[in-house]
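This report refers to the structure that appears directly beneath it.
The values are calculated or read from the model by the stated rules, or taken from the named source; none is laboratory data. Keep in mind that this is a model prediction, so the values were computed, not measured. Please note: Cβ atoms are built from the backbone with ideal geometry, for glycine as well, and neighbour counts cover all protein chains shown. Calculation scope for accessible area: heavy atoms of the full protein, side chains included, ligands and nucleic acids excluded. Shrake-Rupley method; radii C 1.70, N 1.55, O 1.52, S 1.80 Å.
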Amino acid sequence: MELALTEGSVIELDASQKRYCNLISYLPIPVWQIDARPAERIFDRLKASSIGDLGTYLDEHPELVDLASEVLRVFAVNDEAIQLFGGKHCSEFLGPVRYLFAGTPGSARRVMQAHASGARNHVEELEVKTFDGRLIDVLLLMTFPVPGERLDTTILMMIDNTARLEAEAKLRSVEADFSHAARLSTLGEMTTSIAHEIKQPLSAILMNAQTSLRYLRKAEPNLEKAEQLTSRIVECAQRASDIIGRIQDMAGKRAPTNTLLDFNDVVEQCLVFLRHESEEKDVVIKARLQPNLPLISGDRIQLQQVIVNLIVNSIQAMKAAPQTRREIHVETSLGETGQVAFSIRDTGTGIPIDHLAHIFDGFFTTKEGGLGIGLAICQSIAKAHGGTVTAANHPEGGALFRFSIPTESTARVNNSAFAKYPTPEILPN
Ligand SMILES: Nc1ncnc2c1ncn2[C@@H]1O[C@H](COP(=O)(O)OP(=O)(O)O)[C@@H](O)[C@H]1O
Ligand SMILES: [Mg+2]
(Lines give C-alpha, C1' and ligand atoms only; values in the text may rest on other atoms or scores of the structure.)
(Ligands and ions follow the chains in the order given, each with its own letter.)
Protein backbone atom coordinates (compact mmCIF):
# COMPACT_ATOMS: atom_id res chain seq x y z
CA MET A 1 0.00 0.00 0.00
CA GLU A 2 1.37 3.45 -1.02
CA LEU A 3 1.43 5.95 1.83
CA ALA A 4 1.53 9.64 1.05
CA LEU A 5 4.32 11.30 3.00
CA THR A 6 3.41 14.47 4.79
CA GLU A 7 5.94 17.31 4.90
CA GLY A 8 6.65 16.47 8.50
CA SER A 9 7.37 12.85 7.83
CA VAL A 10 9.73 13.73 4.91
CA ILE A 11 11.75 15.92 7.23
CA GLU A 12 11.74 13.17 9.81
CA LEU A 13 12.91 10.60 7.21
CA ASP A 14 15.68 12.89 6.03
CA ALA A 15 16.88 13.43 9.57
CA SER A 16 16.76 9.70 10.21
CA GLN A 17 18.92 9.03 7.14
CA LYS A 18 21.45 11.63 8.28
CA ARG A 19 21.64 10.00 11.72
CA TYR A 20 22.05 6.65 10.04
CA CYS A 21 24.91 7.98 7.85
CA ASN A 22 26.54 9.40 10.92
CA LEU A 23 26.27 6.10 12.68
CA ILE A 24 28.02 4.27 9.83
CA SER A 25 30.93 6.70 9.98
CA TYR A 26 31.60 5.36 13.49
CA LEU A 27 31.56 1.69 12.48
CA PRO A 28 35.02 0.24 13.12
CA ILE A 29 35.16 -1.50 9.71
CA PRO A 30 35.37 -0.04 6.20
CA VAL A 31 31.89 0.83 4.91
CA TRP A 32 30.67 2.12 1.56
CA GLN A 33 27.14 3.34 0.86
CA ILE A 34 25.91 2.92 -2.67
CA ASP A 35 22.87 4.44 -4.29
CA ALA A 36 20.98 1.33 -5.36
CA ARG A 37 18.23 2.99 -7.36
CA PRO A 38 19.81 2.59 -10.84
CA ALA A 39 20.09 -1.15 -10.15
CA GLU A 40 16.32 -1.46 -10.11
CA ARG A 41 16.11 0.03 -13.59
CA ILE A 42 18.65 -2.49 -14.88
CA PHE A 43 16.86 -5.37 -13.20
CA ASP A 44 13.53 -4.21 -14.65
CA ARG A 45 15.12 -4.37 -18.08
CA LEU A 46 16.39 -7.88 -17.39
CA LYS A 47 12.99 -9.02 -16.21
CA ALA A 48 11.31 -7.48 -19.27
CA SER A 49 13.57 -9.51 -21.60
CA SER A 50 12.52 -12.71 -19.74
CA ILE A 51 15.94 -14.28 -19.73
CA GLY A 52 16.55 -17.81 -18.44
CA ASP A 53 19.60 -18.24 -16.25
CA LEU A 54 20.86 -14.85 -15.11
CA GLY A 55 24.46 -16.04 -14.58
CA THR A 56 24.73 -17.28 -18.17
CA TYR A 57 23.05 -14.14 -19.44
CA LEU A 58 25.54 -11.90 -17.62
CA ASP A 59 28.42 -14.04 -18.96
CA GLU A 60 27.15 -13.43 -22.46
CA HIS A 61 26.47 -9.74 -21.84
CA PRO A 62 29.45 -8.39 -19.91
CA GLU A 63 28.42 -4.90 -21.05
CA LEU A 64 25.54 -5.08 -18.58
CA VAL A 65 27.92 -5.63 -15.68
CA ASP A 66 30.03 -2.77 -17.05
CA LEU A 67 26.98 -0.57 -17.18
CA ALA A 68 26.03 -1.41 -13.60
CA SER A 69 29.58 -0.69 -12.41
CA GLU A 70 29.27 2.74 -14.00
CA VAL A 71 25.77 3.79 -12.98
CA LEU A 72 25.84 2.47 -9.42
CA ARG A 73 27.61 5.10 -7.42
CA VAL A 74 29.17 5.35 -4.01
CA PHE A 75 27.75 8.34 -2.14
CA ALA A 76 29.40 7.91 1.24
CA VAL A 77 32.39 6.12 2.82
CA ASN A 78 33.83 6.11 6.30
CA ASP A 79 37.43 6.77 7.38
CA GLU A 80 38.16 3.06 7.73
CA ALA A 81 37.39 2.55 4.03
CA ILE A 82 39.67 5.46 3.09
CA GLN A 83 42.43 3.92 5.16
CA LEU A 84 41.98 0.40 3.73
CA PHE A 85 42.32 1.71 0.17
CA GLY A 86 45.24 4.01 1.01
CA GLY A 87 43.24 7.03 -0.12
CA LYS A 88 43.65 10.66 0.93
CA HIS A 89 40.21 12.14 0.79
CA CYS A 90 36.67 10.91 0.78
CA SER A 91 36.03 12.60 -2.59
CA GLU A 92 38.31 10.04 -4.33
CA PHE A 93 35.86 7.34 -3.26
CA LEU A 94 32.62 8.87 -4.46
CA GLY A 95 31.36 7.92 -7.91
CA PRO A 96 31.03 4.68 -9.90
CA VAL A 97 31.61 1.47 -7.92
CA ARG A 98 33.92 0.10 -10.63
CA TYR A 99 37.11 0.66 -8.59
CA LEU A 100 35.85 -1.69 -5.87
CA PHE A 101 36.03 -4.65 -8.25
CA ALA A 102 39.20 -3.73 -10.17
CA GLY A 103 41.23 -6.44 -8.38
CA THR A 104 38.70 -9.25 -9.04
CA PRO A 105 36.52 -8.31 -12.03
CA GLY A 106 34.47 -11.54 -11.76
CA SER A 107 33.07 -10.46 -8.43
CA ALA A 108 31.10 -7.52 -9.93
CA ARG A 109 29.13 -10.08 -11.92
CA ARG A 110 28.54 -12.27 -8.84
CA VAL A 111 27.38 -9.28 -6.79
CA MET A 112 25.00 -8.23 -9.53
CA GLN A 113 23.63 -11.73 -9.86
CA ALA A 114 23.05 -11.93 -6.10
CA HIS A 115 21.26 -8.57 -6.05
CA ALA A 116 19.12 -9.39 -9.07
CA SER A 117 18.08 -12.75 -7.62
CA GLY A 118 16.60 -10.99 -4.61
CA ALA A 119 19.26 -12.12 -2.12
CA ARG A 120 19.44 -10.06 1.05
CA ASN A 121 23.19 -10.20 1.17
CA HIS A 122 26.33 -11.37 -0.55
CA VAL A 123 29.60 -12.51 1.00
CA GLU A 124 32.81 -13.47 -0.78
CA GLU A 125 36.55 -13.37 -0.42
CA LEU A 126 38.30 -11.35 -3.08
CA GLU A 127 41.33 -9.26 -3.93
CA VAL A 128 40.96 -5.50 -4.21
CA LYS A 129 43.29 -3.02 -5.83
CA THR A 130 44.07 -0.11 -3.51
CA PHE A 131 44.64 3.46 -4.68
CA ASP A 132 48.36 3.11 -3.98
CA GLY A 133 48.57 0.06 -6.25
CA ARG A 134 48.56 -2.82 -3.73
CA LEU A 135 46.44 -5.95 -4.11
CA ILE A 136 44.93 -6.95 -0.77
CA ASP A 137 42.75 -9.87 0.29
CA VAL A 138 39.44 -8.88 1.83
CA LEU A 139 36.16 -10.40 2.89
CA LEU A 140 33.38 -8.52 1.14
CA LEU A 141 29.99 -8.29 2.84
CA MET A 142 27.05 -6.58 1.17
CA THR A 143 23.45 -6.10 2.05
CA PHE A 144 20.90 -5.20 -0.60
CA PRO A 145 17.54 -3.52 -0.39
CA VAL A 146 14.72 -5.59 -1.84
CA PRO A 147 11.91 -4.11 -3.94
CA GLY A 148 9.08 -2.58 -1.98
CA GLU A 149 11.21 -1.76 1.04
CA ARG A 150 11.60 1.87 -0.01
CA LEU A 151 15.29 1.60 0.82
CA ASP A 152 17.64 2.78 -1.84
CA THR A 153 21.01 2.13 -0.31
CA THR A 154 23.28 -0.88 -0.72
CA ILE A 155 25.74 -1.17 2.13
CA LEU A 156 29.12 -2.68 1.36
CA MET A 157 31.69 -3.62 3.97
CA MET A 158 35.15 -5.07 3.68
CA ILE A 159 37.25 -6.86 6.27
CA ASP A 160 40.97 -6.91 5.67
CA ASN A 161 41.97 -10.57 5.41
CA THR A 162 45.70 -10.01 4.88
CA ALA A 163 46.77 -10.76 8.44
CA ARG A 164 44.59 -13.87 8.69
CA LEU A 165 45.78 -15.25 5.35
CA GLU A 166 49.40 -14.52 6.27
CA ALA A 167 48.95 -16.32 9.59
CA GLU A 168 47.37 -19.27 7.79
CA ALA A 169 50.19 -19.41 5.25
CA LYS A 170 52.74 -19.31 8.09
CA LEU A 171 50.89 -22.10 9.85
CA ARG A 172 50.88 -24.20 6.70
CA SER A 173 54.58 -23.62 6.23
CA VAL A 174 55.37 -24.57 9.85
CA GLU A 175 53.23 -27.64 9.37
CA ALA A 176 55.08 -28.54 6.17
CA ASP A 177 58.41 -28.12 8.04
CA PHE A 178 57.23 -30.43 10.81
CA SER A 179 55.95 -32.97 8.36
CA HIS A 180 59.27 -32.86 6.52
CA ALA A 181 61.22 -33.24 9.77
CA ALA A 182 59.07 -36.23 10.69
CA ARG A 183 59.71 -37.88 7.32
CA LEU A 184 63.44 -37.34 7.69
CA SER A 185 63.32 -38.81 11.17
CA THR A 186 61.38 -41.85 9.89
CA LEU A 187 63.96 -42.29 7.13
CA GLY A 188 66.67 -42.06 9.80
CA GLU A 189 64.96 -44.89 11.66
CA MET A 190 64.98 -46.97 8.48
CA THR A 191 68.62 -46.72 7.42
CA THR A 192 69.19 -50.51 7.64
CA SER A 193 66.25 -51.14 5.39
CA ILE A 194 67.26 -48.48 2.89
CA ALA A 195 70.90 -49.65 2.75
CA HIS A 196 69.75 -53.21 2.18
CA GLU A 197 67.22 -52.21 -0.51
CA ILE A 198 69.91 -50.41 -2.49
CA LYS A 199 72.73 -52.86 -1.84
CA GLN A 200 70.74 -55.78 -3.21
CA PRO A 201 70.32 -54.58 -6.81
CA LEU A 202 73.84 -53.12 -6.78
CA SER A 203 75.38 -56.50 -5.88
CA ALA A 204 73.26 -58.13 -8.57
CA ILE A 205 74.51 -55.57 -11.11
CA LEU A 206 78.10 -56.25 -10.11
CA MET A 207 77.70 -60.02 -10.33
CA ASN A 208 75.89 -59.95 -13.67
CA ALA A 209 78.42 -57.52 -15.15
CA GLN A 210 81.36 -59.70 -14.08
CA THR A 211 79.77 -62.83 -15.54
CA SER A 212 78.91 -60.98 -18.72
CA LEU A 213 82.54 -59.84 -19.07
CA ARG A 214 83.70 -63.44 -18.70
CA TYR A 215 81.40 -64.54 -21.53
CA LEU A 216 82.61 -61.68 -23.73
CA ARG A 217 86.30 -62.39 -23.09
CA LYS A 218 86.09 -66.02 -24.18
CA ALA A 219 87.87 -67.00 -27.42
CA GLU A 220 84.38 -67.32 -28.83
CA PRO A 221 82.30 -64.68 -27.01
CA ASN A 222 78.82 -65.84 -26.03
CA LEU A 223 76.82 -62.83 -27.11
CA GLU A 224 73.46 -64.41 -26.30
CA LYS A 225 74.45 -64.93 -22.63
CA ALA A 226 75.99 -61.44 -22.47
CA GLU A 227 72.76 -59.96 -23.77
CA GLN A 228 70.67 -61.84 -21.19
CA LEU A 229 72.94 -60.66 -18.39
CA THR A 230 72.91 -57.07 -19.64
CA SER A 231 69.10 -57.10 -19.64
CA ARG A 232 69.20 -58.20 -16.01
CA ILE A 233 71.64 -55.38 -15.25
CA VAL A 234 69.16 -52.92 -16.76
CA GLU A 235 66.35 -54.32 -14.58
CA CYS A 236 68.44 -54.12 -11.42
CA ALA A 237 69.61 -50.59 -12.19
CA GLN A 238 65.97 -49.62 -12.72
CA ARG A 239 65.06 -51.13 -9.35
CA ALA A 240 67.85 -49.27 -7.56
CA SER A 241 66.82 -46.07 -9.27
CA ASP A 242 63.18 -46.60 -8.22
CA ILE A 243 64.23 -47.10 -4.61
CA ILE A 244 66.31 -43.95 -4.65
CA GLY A 245 63.39 -42.12 -6.22
CA ARG A 246 61.12 -43.28 -3.40
CA ILE A 247 63.62 -42.12 -0.79
CA GLN A 248 63.97 -38.77 -2.52
CA ASP A 249 60.18 -38.41 -2.50
CA MET A 250 60.15 -39.06 1.24
CA ALA A 251 63.15 -36.84 1.96
CA GLY A 252 62.16 -33.97 -0.30
CA LYS A 253 60.19 -30.92 0.69
CA ARG A 254 57.21 -30.46 -1.53
CA ALA A 255 53.68 -29.15 -1.60
CA PRO A 256 51.09 -31.94 -1.24
CA THR A 257 49.17 -32.86 -4.39
CA ASN A 258 45.97 -34.87 -4.33
CA THR A 259 45.44 -37.65 -6.84
CA LEU A 260 43.08 -40.61 -7.08
CA LEU A 261 44.70 -43.55 -5.32
CA ASP A 262 44.22 -47.23 -4.68
CA PHE A 263 44.58 -47.46 -0.89
CA ASN A 264 45.92 -51.03 -0.99
CA ASP A 265 48.59 -49.92 -3.43
CA VAL A 266 49.72 -47.21 -1.00
CA VAL A 267 49.85 -49.75 1.86
CA GLU A 268 51.72 -52.35 -0.23
CA GLN A 269 54.42 -49.85 -1.17
CA CYS A 270 54.96 -49.08 2.51
CA LEU A 271 55.29 -52.80 3.27
CA VAL A 272 57.95 -53.17 0.56
CA PHE A 273 59.73 -50.15 1.96
CA LEU A 274 59.82 -51.67 5.44
CA ARG A 275 60.44 -55.32 4.55
CA HIS A 276 64.06 -55.41 5.66
CA GLU A 277 63.51 -53.18 8.63
CA SER A 278 61.03 -55.69 10.07
CA GLU A 279 63.09 -58.76 9.06
CA GLU A 280 66.13 -57.32 10.72
CA LYS A 281 64.19 -56.79 13.97
CA ASP A 282 62.68 -60.31 13.79
CA VAL A 283 59.22 -58.86 13.30
CA VAL A 284 56.73 -60.72 11.15
CA ILE A 285 54.24 -58.53 9.32
CA LYS A 286 51.00 -60.24 8.31
CA ALA A 287 48.85 -58.30 5.88
CA ARG A 288 45.21 -58.81 4.98
CA LEU A 289 44.17 -56.30 2.36
CA GLN A 290 40.52 -56.22 1.39
CA PRO A 291 40.34 -56.34 -2.41
CA ASN A 292 38.46 -53.88 -4.62
CA LEU A 293 38.35 -50.94 -2.23
CA PRO A 294 36.90 -47.77 -3.72
CA LEU A 295 39.43 -45.13 -4.73
CA ILE A 296 40.50 -42.39 -2.36
CA SER A 297 41.72 -38.91 -3.12
CA GLY A 298 44.91 -37.88 -1.37
CA ASP A 299 48.60 -37.12 -1.40
CA ARG A 300 50.47 -40.40 -1.87
CA ILE A 301 53.59 -39.37 0.05
CA GLN A 302 51.61 -38.03 3.02
CA LEU A 303 49.46 -41.16 3.24
CA GLN A 304 52.58 -43.31 3.07
CA GLN A 305 54.07 -41.17 5.81
CA VAL A 306 51.14 -42.04 8.10
CA ILE A 307 51.33 -45.76 7.38
CA VAL A 308 55.13 -45.97 7.59
CA ASN A 309 55.04 -44.04 10.89
CA LEU A 310 52.49 -46.42 12.38
CA ILE A 311 54.41 -49.51 11.28
CA VAL A 312 57.76 -48.13 12.50
CA ASN A 313 56.18 -47.31 15.87
CA SER A 314 54.87 -50.88 16.11
CA ILE A 315 58.27 -52.34 15.21
CA GLN A 316 59.86 -50.15 17.87
CA ALA A 317 57.25 -51.13 20.46
CA MET A 318 58.29 -54.77 20.15
CA LYS A 319 61.93 -54.34 21.11
CA ALA A 320 61.23 -55.84 24.53
CA ALA A 321 58.91 -58.62 23.32
CA PRO A 322 60.31 -62.17 23.01
CA GLN A 323 61.67 -62.78 19.50
CA THR A 324 59.11 -65.47 18.83
CA ARG A 325 56.20 -63.16 19.60
CA ARG A 326 56.93 -60.15 17.46
CA GLU A 327 53.96 -59.87 15.17
CA ILE A 328 52.26 -57.05 13.35
CA HIS A 329 48.85 -57.54 11.76
CA VAL A 330 47.88 -54.96 9.20
CA GLU A 331 44.52 -54.83 7.53
CA THR A 332 42.62 -52.66 5.11
CA SER A 333 38.84 -52.54 5.09
CA LEU A 334 35.83 -50.60 3.96
CA GLY A 335 33.75 -49.04 6.74
CA GLU A 336 29.99 -48.63 6.72
CA THR A 337 30.16 -44.85 6.53
CA GLY A 338 32.10 -44.80 3.28
CA GLN A 339 35.57 -44.77 4.79
CA VAL A 340 38.53 -46.96 4.00
CA ALA A 341 40.64 -47.92 6.98
CA PHE A 342 44.14 -49.14 7.67
CA SER A 343 44.32 -50.97 11.02
CA ILE A 344 47.52 -52.10 12.64
CA ARG A 345 47.90 -54.26 15.71
CA ASP A 346 51.18 -55.28 17.29
CA THR A 347 52.25 -57.60 20.09
CA GLY A 348 54.39 -54.94 21.75
CA THR A 349 54.22 -53.12 25.05
CA GLY A 350 50.84 -51.53 24.48
CA ILE A 351 50.16 -47.94 25.56
CA PRO A 352 49.90 -47.15 29.30
CA ILE A 353 46.37 -45.84 30.02
CA ASP A 354 47.60 -42.45 31.24
CA HIS A 355 49.58 -41.98 27.99
CA LEU A 356 46.62 -42.62 25.71
CA ALA A 357 45.42 -39.02 25.90
CA HIS A 358 48.86 -37.63 25.08
CA ILE A 359 50.47 -39.76 22.38
CA PHE A 360 49.07 -37.52 19.61
CA ASP A 361 50.48 -34.38 21.26
CA GLY A 362 53.48 -32.85 19.55
CA PHE A 363 56.78 -33.81 21.23
CA PHE A 364 55.29 -36.52 23.43
CA THR A 365 57.71 -39.41 23.38
CA THR A 366 58.73 -42.24 25.69
CA LYS A 367 61.72 -43.18 23.53
CA GLU A 368 65.30 -42.26 24.10
CA GLY A 369 66.18 -40.03 21.16
CA GLY A 370 62.52 -39.98 20.05
CA LEU A 371 61.17 -36.81 18.46
CA GLY A 372 57.57 -37.34 19.46
CA ILE A 373 56.14 -35.72 16.34
CA GLY A 374 55.29 -38.85 14.33
CA LEU A 375 51.75 -39.33 15.62
CA ALA A 376 51.02 -35.59 15.73
CA ILE A 377 51.85 -35.44 12.02
CA CYS A 378 49.81 -38.59 11.34
CA GLN A 379 46.80 -36.94 12.90
CA SER A 380 47.31 -33.71 11.06
CA ILE A 381 47.64 -35.52 7.71
CA ALA A 382 44.58 -37.64 8.45
CA LYS A 383 42.56 -34.50 9.29
CA ALA A 384 43.72 -32.75 6.13
CA HIS A 385 42.30 -35.74 4.22
CA GLY A 386 39.02 -35.61 6.15
CA GLY A 387 39.95 -38.71 8.14
CA THR A 388 41.05 -39.78 11.62
CA VAL A 389 43.72 -41.78 13.46
CA THR A 390 42.75 -43.46 16.71
CA ALA A 391 44.71 -45.49 19.23
CA ALA A 392 43.70 -48.19 21.69
CA ASN A 393 45.07 -51.24 23.43
CA HIS A 394 44.13 -54.68 22.19
CA PRO A 395 42.44 -56.85 24.86
CA GLU A 396 45.10 -59.51 24.27
CA GLY A 397 47.96 -57.02 24.58
CA GLY A 398 49.77 -54.72 22.21
CA ALA A 399 48.60 -51.50 20.61
CA LEU A 400 45.92 -51.06 18.00
CA PHE A 401 45.90 -48.05 15.67
CA ARG A 402 43.29 -47.28 13.06
CA PHE A 403 43.74 -44.75 10.27
CA SER A 404 40.63 -44.10 8.22
CA ILE A 405 39.90 -41.68 5.42
CA PRO A 406 36.83 -41.06 3.29
CA THR A 407 36.62 -42.66 -0.13
CA GLU A 408 36.77 -40.34 -3.09
CA SER A 409 32.98 -40.16 -3.56
CA THR A 410 32.23 -39.49 0.13
CA ALA A 411 34.99 -36.85 0.21
CA ARG A 412 33.42 -35.12 -2.78
CA VAL A 413 30.02 -34.87 -1.13
CA ASN A 414 31.43 -33.54 2.14
CA ASN A 415 33.82 -31.10 0.53
CA SER A 416 31.16 -29.49 -1.57
CA ALA A 417 29.19 -28.65 1.56
CA PHE A 418 32.12 -26.84 3.14
CA ALA A 419 33.97 -25.67 0.06
CA LYS A 420 32.89 -22.08 0.59
CA TYR A 421 34.63 -21.59 3.89
CA PRO A 422 37.48 -24.07 4.28
CA THR A 423 38.80 -24.31 7.82
CA PRO A 424 42.57 -23.91 8.08
CA GLU A 425 44.39 -27.05 9.07
CA ILE A 426 45.97 -26.62 12.50
CA LEU A 427 48.87 -28.61 13.83
CA PRO A 428 47.91 -30.37 17.06
CA ASN A 429 49.75 -28.90 20.02
N1 LIG B 1 52.60 -49.15 18.61
C2 LIG B 1 52.83 -48.52 19.76
N3 LIG B 1 52.90 -49.20 20.93
C4 LIG B 1 53.13 -48.58 22.08
N5 LIG B 1 53.32 -47.26 22.22
C6 LIG B 1 53.28 -46.51 21.10
C7 LIG B 1 53.04 -47.09 19.82
N8 LIG B 1 53.03 -46.09 18.92
C9 LIG B 1 53.28 -44.95 19.58
N10 LIG B 1 53.44 -45.19 20.90
C11 LIG B 1 53.70 -44.19 21.95
O12 LIG B 1 53.46 -42.89 21.42
C13 LIG B 1 54.61 -42.08 21.55
C14 LIG B 1 54.65 -41.05 20.44
O15 LIG B 1 54.90 -41.66 19.19
P16 LIG B 1 55.45 -40.77 18.00
O17 LIG B 1 54.62 -39.54 17.93
O18 LIG B 1 55.55 -41.62 16.79
O19 LIG B 1 56.87 -40.29 18.47
P20 LIG B 1 58.19 -41.15 18.69
O21 LIG B 1 58.05 -42.40 17.89
O22 LIG B 1 59.29 -40.26 18.21
O23 LIG B 1 58.26 -41.38 20.17
C24 LIG B 1 55.76 -43.05 21.57
O25 LIG B 1 56.90 -42.51 22.17
C26 LIG B 1 55.16 -44.20 22.36
O27 LIG B 1 55.19 -43.93 23.74
MG1 LIG C 1 57.33 -42.56 15.90
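Please express the shape of segment 168-418 as an equivalent ellipsoid: the semi-axes are the square roots of 5 times the eigenvalues of the C-alpha gyration tensor, given largest first in whole angstrom.
37, 23, 18
Output the antiparallel fraction of DSSP beta bridges having both residues in the chain, as a percent to the nearest 5.
Of the beta bridges lying entirely in the chain, close to 90 percent run antiparallel.
Per-residue HN-Hα couplings for segment 205-221, Karplus 6.51 cos²θ - 1.76 cosθ + 1.60 at θ = phi - 60°, whole Hz, x for Gly and Pro?
Coupling constants for segment 205-221: 4, 4, 5, 5, 5, 4, 4, 4, 4, 4, 5, 6, 7, 5, 3, 10, x Hz.
Quick check on the chain: helices-only [θ] at 222 nm, where DSSP H runs of length 4 and up contribute -39,500 (n - 2.57) each and the sum goes over total residues. Nearest 500, please.
After summing the helix terms and dividing by the residues of the chain, the value is -16000 deg cm²/dmol.
Beyond 24 Å between alpha-carbons counts as too far, so tell me which of 170/367; 253/286; 281/367 fall in that bin. Let's see the in-between values first.
Details: 170/367 30 Å; 253/286 32 Å; 281/367 17 Å.
Going by Cα-Cα distance, 170/367; 253/286 fall outside the 24 Å limit.
With a Förster radius of 30 Å, plug the Cβ-Cβ distance of residue 249 and residue 390 into 1/(1 + (r/R0)^6) and report the FRET value to the nearest 0.05.
Efficiency, rounded to the nearest 0.05: 0.65.
Leaving ligands, DNA and RNA out of it, work out the accessible area of residue 218 with a 1.4 Å probe and give it in Å² to the nearest 10.
It works out to around 110 Å².
Could you state how much accessible area residue 364 has, in square angstrom rounded to the nearest 10, with a 1.4 Å probe and all protein chains kept in place?
It works out to around 60 Å².
For the chain, take the longest principal axis of its alpha carbons; what is the angle in degrees between that and the long axis of helix 374-384, to the nearest 10 within 0 to 90?
It is inclined by approximately 40 degrees.
Where nothing but the Cβ of Lys and Arg (+1) and of Asp and Glu (-1) is charged, how large is the charge dipole of the chain around its Cα centre, in debye to the nearest 20?
For the chain, the charge dipole is close to 1320 debye.
Could you tell me how many degrees, from 0 to 90 and to the nearest 10, lie between the Cα long axis of helix 263-280 and the main elongation axis, the longest principal axis, of the Cα atoms of the chain?
Helix 263-280 and the main axis of the chain meet at about 40 degrees.
Pop a pseudo-label 7 angstrom from the Cα along the beta-carbon direction at both residue 237 and residue 139 and give the gap in nm to one decimal.
Here the answer is 5.8 nm between the modelled labels.
Kindly express, to the nearest 10 degrees and within the range 0 to 90, the angle between helix 37-48's C-alpha long axis and the longest C-alpha principal axis of the chain.
The two axes meet at around 70 degrees.
I need the peptides 194-200, 380-386 ranked by packing, meaning the mean over residues of other C-beta atoms within 10 angstrom, with the highest value on top.
380-386, 194-200
So how do 58, 400 rank on accessible area, 1.4 Å probe, biggest first, that is with the largest at the start?
From most exposed to least exposed: 400, 58.
With every protein chain present, what accessible area does residue 295 have (1.4 Å probe, heavy atoms only), rounded to the nearest 10 Å²?
Result for residue 295: roughly 80 Å² accessible.
Using 10 Å bins from zero, what percent of all Cα-Cα pairs in the chain falls into each bin?
Answer for the chain: a P(r) of 4, 16, 19, 15, 13, 13, 10, 6, 3, 1, 0, 0, 0 percent.
Take every Cα pair under 8 Å in the chain that's 6+ residues apart, average their separations, divide by the length, and report that relative contact order as a whole percent.
Relative contact order of the chain: 10 percent.
Hey, what's the Kirkwood Rh for segment 206-288 if you take every pair of different alpha carbons, in angstrom?
16.4
What are the principal axis extents of the Cα atoms in segment 7-160, in Å, biggest first?
Principal extents (Cα only, largest first): 48, 42, 22 Å.
Say the dipole of segment 7-160 comes from +1 at the beta carbon of Lys and Arg and -1 at that of Asp and Glu; which of 138, 118, 159 then lies farthest toward its positive end?
Value: 118.
Using amide H atoms built 1.01 Å from N in the peptide plane, name the residues 5+ places from residue 373, or on other chains, whose amide H lies under 5 Å from its own.
Counting only residues 5 or more places away or on other chains, the set is 363.
Report P(r) for segment 172-239: all Cα-Cα distances, bin width 5 Å, range 0 to the bin holding the largest distance, values in whole percent.
Here the calculated profile for segment 172-239 is 4, 16, 16, 12, 11, 9, 8, 7, 6, 5, 3, 2, 1, 0.
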